[in-house]
Each structure stands twice: as C-alpha cells, then as structure tokens.
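Take a look at the structure set out below.
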Amino acid sequence: MRKITSALVASLCISLAAHAQSPVASRAPSVTDVNLYARLMAMTDSRSYDRVLLDSVMSSTWAPLRAAGALAIGQVGAQHGKPGLPLLQSLLADNDLKVASNAAYALGLLHDSTSVSSLYLAIGGPVPVAREAAWALGEIGSPARVSITRALSAPGGDEARMIQLLLAAAKLRPVPVREIRPYLAMASMPSIQWAAAYAIARTREAAGVRDLIALA
C-alpha cells in the first residue's frame, strides 16, 4: 500500500486543489491518509460497504479524504450503500461544505425516500449543499414530490439552485405546472426560463401549453 499508483497521485492532487480554500487541507496527506484513500477507492471499485473503513476515513483531519468518504457511500450503489444512509444524513450538516455537498449527492445516488426530509432541510442551507440536495430530490422522484413543490414556492436567490429544483420537477408525473409557472416570467434570468420551459415541455404537459405559447 505504500506504493502509490500514478492514478491515485492524480486523484489526490485534484482533491487537494478542490479543497484549497480549506485550512484543514493546507497540510499534505499522511501515509495513513493515503492508505485510507487507496482502500476507499478499492471499496468503491468492488461495490462493497466497509463501515469500519468509513469510520476511519471520516475521523481523518484531511478534508479531501472525508469528502471522498461521503461520496463513496453513494458510489457503491443503492444495493450496498443503504447502511450508510444515517451517516450521510448526519453529514449534510458537516462544517466542511464539500463533505456536506458530497453527502447530498450521494443520497441522490442511493435513491432512498427516507432521506427526503433531510434533503429538504438541506435546501435551506448553504448554497453548495442546497444545489446538490435539490438534484438529489429529483433523483428520488415521486416520493420527494411534496418537498420539491414546496421548495419551488420559495425560490431564493441562487440561480443554480433554482435550475436544479426545476430539473427535479421535470422528473415528476404529472409535472407541477402551477409551481413552475412563476419561473417562466423571470425574463432577467433566461437560464431559469429555459429550465422551467424544459420541465413543462419534456412530458408535453397540457396544462402548460398556453404558458409556453406565451413565452414563445
């Protein structure tokens, strides 16, 4: 394990760059960190869940390793990653926003309806986490309908978050046209209008035809 492959070195460098703003990431990874990172990659490759390994990973003080640990729970897939749901839900409130964002993304990968309430709360949190939480709700789909429509009723000021909510709404059947309609009027943000129009047009929702004609 002491011999690091070039792929692992590249991965570590990318992780360090992503956490350049974090004081915790200012130090170089220790040999223990590198070994844990390599074992984590092996865990995701084998699509297995190792709680003992994850406990060690998440107790590290090297930020990129913790962020990778949160993501890995989702990467092992829904069949094997479900035991990690409580850990991911707790990580949504992590002080490291990269860890919290990865936790939200991982919950989306697991498509688990029990995470809907936690993800809905995360939508009201820091912007990077809110964006991933909105995406995750869309991946969960129908069980998240109430949370998605409720979040659409309070758009907030972040454009990317609004787009993710609209794309999440596009996956619902039927598409919630009434909640999407106000976004069609946001002429100062054409990307928001596009996402809203896409959500309605994707399934040719009849209730939104007049809205699209007016927009055209």
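A few comments on the model shown:
- Qualifying residue in region 189-212 (condition: assigned to a loop (DSSP other than H, G, I, E, B), closer than 24 Å to L119 by Cα and either without any contact (Cβ under 8 Å) to a residue 24 or more places away in the chain or open to solvent by less than 40 Å² (accessible area, probe 1.4 Å) (or both)): no
- Here the condition is being part of a loop (DSSP other than H, G, I, E, B), open to solvent by 20 Å² or more (accessible area, probe 1.4 Å) and hydrophobic (A, V, I, L, M, F, W, C); of A38, A28, A42, it holds for A28 alone.
- Evaluation of W62 against (1) in contact with a Pro (Cβ under 9 Å, 6 or more places away or on another chain); (2) among the aromatic types (F, W, Y); (3) open to solvent by 10 Å² or more (accessible area, probe 1.4 Å) (one fails), failing number: (3)
- Within region 148-171, the residues that satisfy the criterion of being surrounded by fewer than 21 Cβ atoms within 10 Å (Cβ to Cβ), modelled with pLDDT of 95 or more and under 15 Å from Y120 (Cβ atoms) are T149, R150.
- Just one of (1) within 20 Å of A104 (Cβ to Cβ); (2) part of a helix (DSSP H, G or I) fails for L172. It is (2).
- Only residues that are assigned to a loop (DSSP other than H, G, I, E, B) and not aliphatic (A, V, I, L, M) were counted in region 129-162, giving 6.
- Considering residues of region 161-216 that are among the basic types (K, R) and more than 23 Å from the chain's Cα centre (by Cα) only, the residue nearest to T149 (Cα to Cα): R178
- Residue in region 100-121 that is farther than 30 Å from E159 by Cα, of a type in the set (D, E, K, R) and either over 21 Å from the mean Cα position of the chain (by Cα) or modelled with pLDDT under 95 (or both) present: no
The values are calculated or read from the model by the stated rules, or taken from the named source; none is laboratory data. Please read all numbers here as calculations on a predicted model, not as lab measurements. So basically every Cβ, Gly included, is an ideal-geometry build from the backbone, and we count neighbours across all protein chains shown. Surface accessibility is based on the protein's heavy atoms, side chains included, excluding ligands, DNA and RNA. Shrake-Rupley method; radii C 1.70, N 1.55, O 1.52, S 1.80 Å.
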